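Below is one structure, written out as structure tokens, with a few remarks after it.
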Amino acid sequence: MSWQALVLSVKLAVIVSVVLFVIGMPIAYWTAYSRWRWKFLVESVVALPLVLPPTVLGFYLLVAMGPRSPLGRLWLRAFGHSLSFTFEGLVVASIIYSLPITVQPFAAAFRSVDQQLVQASATLGVARLRTFARVIVPLSYAGIITGMVLSFAHTLGEFGVVLMVGGNIPGVTRTVSIDIYDQVQSLNYSVANQTALVLLLASFLTLSVVYAVNRKVWAL
Amino acid sequence: MKILRPCVLVLIALVARSAQAGEITVAAASDLTFALTEIAQRFEKTTGNKVRLSFGSSGNFFAQIQNGARFDIFFSADVEYPRKLVAGGLAIGSTLQLYGVGRIVLWAPAGSPLDVGKMGMKALLDPSVEKIAIANPAHAPYGRAAKAALENLKLYDQVHSKLVLGENISQTAQFVESGNAQIGILALSLARAPTLKDKGRYWEIPIDSYPRIEQAAVIPTAARDQQVARAFLEYLRTPEAQAILRDYGFQAPPEKP
């Protein structure tokens, strides 16, 4: 059983869900409340990684990170090395991959907040950001936790995109799903089984948390 | 009712036709993508049978066949997989046939400053090389060969921190072709393939620096159409098919499997 790969995956998933929390909140707020006519286009772009095959996403990312794309060259000039086959590259890829699964529960929760409360806060002269922090967020905690946990679990189980842009470097880009795949390919079924079982239990646990929070099993 | 009769006749004709010409599903290692497609087309033309080709990693197909996938022929990049199937009673031992020996090459994209033809293996040590793509030695036959060659030529320790591993040899090619890795060790058959031929330069790695990549085909016991499958393997021995294999860089196999 490969602990190195497991630790790497958990590290990746934690970083990705924290970053997604930070960038997902404003995006979700905007998609929940904006009245812009073409909003649906932005919503479609955000949701794209849900329907695109990971191979397509991974292939685009690989090309985009490469030295022949303007983005890849820009990154190379700024940081002196390419983004492909690095841990940072995986972080960027996973953020894009898990964006919809985080933003959508956030936005759904924001949308379901009673607008009268938001308006009451506004009439009392409270600024919008403060209203967001003091009224909307506390009333949306279940959706926010759902989004966070899902982004964590989604990143933990990510395979196709990592396979396409990671390059399978031990301790850097060899995540647990890649490790399991390698073990199966090498016919080490028993090792693969052990790691897969750990991943299965971890996923079950995270999903249980989501459903428990949504059912309000614990009063928060 | 008037329209029914011609419909039935057409249907009967179709059924009769398909009964006459067989159809086989072939699982093949991805290094055969181009050579086998060409061979299959000619086979279809001369015999009227249909060949459905499915390319992927030998290890994957091996696992699929073990778990009940019904392929008519399995072309493996490594003779070990077919041998294991035969040993497990999942493939017909008498049909095991070596069809070629794979070769590995050093490959760099056309625009690269690395002239692999001149530099040979020294190209790997060039300061401009940040990443070297090879197939995963843990399960890909070409990866095993690449690693062995690096070790035998006393380069492995110097380059191993730069290695990135492709899941199979085609993905390895993708890593280099896209420019994400500056150089890679690929199958000669891919370097000569139409899609890569004009996109880079290659240098053949000395064949004595790695164990022979013996490639073999076998008919699984669960094959649906053994007759056509055997005919296809027979066709593979013809000079016509052999010439295509040689063209793509598969050396003639040793006589005995």
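The values are calculated or read from the model by the stated rules, or taken from the named source; none is laboratory data. Small disclaimer: the values here were computed from a predicted structure and weren't measured. Cβ: placed from backbone, ideal geometry, glycine included. Neighbour counts: every protein chain shown.
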*Report, ordered by the first and then the second residue, all pairs with beta carbons closer than 9 Å, sequence separation of six or more or different chains, a first member in the range B:90-110 that is among the basic types (K, R), and a second member that is crowded, with 18+ Cβ neighbours inside 10 Å.*
B:R103/B:A145; B:R103/B:A187; B:R103/B:L188; B:R103/B:S189; B:R103/B:I205; B:R103/B:I213; B:R103/B:G249; B:R103/B:F250
*Taking the stated definitions as given, is B:A123 within 19 Å of B:Y202 (Cα to Cα), touching a strand residue (DSSP E or B) at 6+ places or on another chain (Cβ under 8 Å), away from chain A (no Cβ under 14 Å) and among the hydrophobic types (A, V, I, L, M, F, W, C)?*
yes
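Conditions tested, residue by residue: (1) modelled with pLDDT under 95; (2) β-branched (V, I, T).
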{"position": "B:T172", "(1), (2)": "yes, yes"}
{"position": "B:I185", "(1), (2)": "no, yes"}
{"position": "B:D198", "(1), (2)": "yes, no"}
{"position": "B:Q226", "(1), (2)": "yes, no"}
{"position": "B:R237", "(1), (2)": "yes, no"}
{"position": "B:A252", "(1), (2)": "yes, no"}
{"position": "B:E255", "(1), (2)": "yes, no"}
*asked:* Could you check the range A:46-69 and list, in sequence order, the residues that are over 15 Å from the mean Cα position of the chain (by Cα), outside any loop (DSSP other than H, G, I, E, B) and more than 13 Å from every other protein chain (Cβ to nearest Cβ)?
replied: A:V56
*asked:* For the range B:44-68, give me the residue count where each residue is touching a residue at least 60 places away in the same chain (Cβ under 8 Å) and farther than 20 Å from B:G249 by Cα.
replied: 7
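Answer yes if at least one residue in the range A:202-215 is touching a residue at least 12 places away in the same chain (Cβ under 8 Å), part of a helix (DSSP H, G or I) and within 11 Å of another protein chain (Cβ to nearest Cβ), and no otherwise.
The answer is no; no qualifying residue exists.
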*For the range B:151-171, what are the residues that are in contact (Cβ under 8 Å) with a residue 24 or more places away in the chain and more than 9 Å from every other protein chain (Cβ to nearest Cβ)?*
B:N152, B:L153, B:L155, B:Q158, B:V159, B:K162, B:N168, B:I169, B:S170
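Can you tell me which residue within the range B:58-91, out of those that are small (G, A, S), within 13 Å of the chain's Cα centre (by Cα) and more than 11 Å from every other protein chain (Cβ to nearest Cβ), is nearest to B:R224 (Cα to Cα)?
B:S76
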*asked:* So for the range A:131-146 (the condition being more than 30 Å from B:Y81 (Cα to Cα) and in a loop (DSSP other than H, G, I, E, B)), does at least one residue qualify?
replied: yes
*Has the range A:185-192 got any residue that is at pLDDT 90 or above, over 19 Å from the mean Cα position of the chain (by Cα) and within 30 Å of A:V56 (Cβ to Cβ)?*
yes
*Does B:K199 satisfy the criteria of being surrounded by fewer than 22 Cβ atoms within 10 Å (Cβ to Cβ), within 21 Å of A:V63 (Cα to Cα) and touching a helix residue (DSSP H, G or I) at 6+ places or on another chain (Cβ under 7 Å)?*
yes
*When you scan the range B:166-205 for helices (runs of 4 or more DSSP H) that lie fully inside it, which ones turn up with 1 or more residues that are under 12 Å from B:I132 (Cα atoms)?*
B:169-177
*Go through the range B:133-145 and count every residue that is more than 10 Å from every other protein chain (Cβ to nearest Cβ), surrounded by 24 or more Cβ atoms within 10 Å (Cβ to Cβ) and over 12 Å from B:S170 (Cα atoms).*
2
*Which of the following residues is in a loop (DSSP other than H, G, I, E, B) and not assigned by TED's automatic domain parsing to the domain that holds B:K199: B:A138, B:A69?*
B:A69
_Near pairs, Cβ below 8 angstrom, 6+ apart or cross-chain, from the range A:153-181 (farther than 16 Å from A:L83 by Cα) to any residue that is of a type in the set (F, W, Y) and in a loop (DSSP other than H, G, I, E, B)_ = A:S177/A:F159; A:I178/A:F159; A:Y181/A:F159
*asked:* I need the full set of residues from the range A:138-173 which are surrounded by 23 or more Cβ atoms within 10 Å (Cβ to Cβ) and either within 14 Å of chain B (Cβ to nearest Cβ) or of a type in the set (D, E) (or both), in order please.
replied: A:E158, A:V161, A:V162, A:M164, A:V165, A:G166, A:G167, A:N168, A:T173
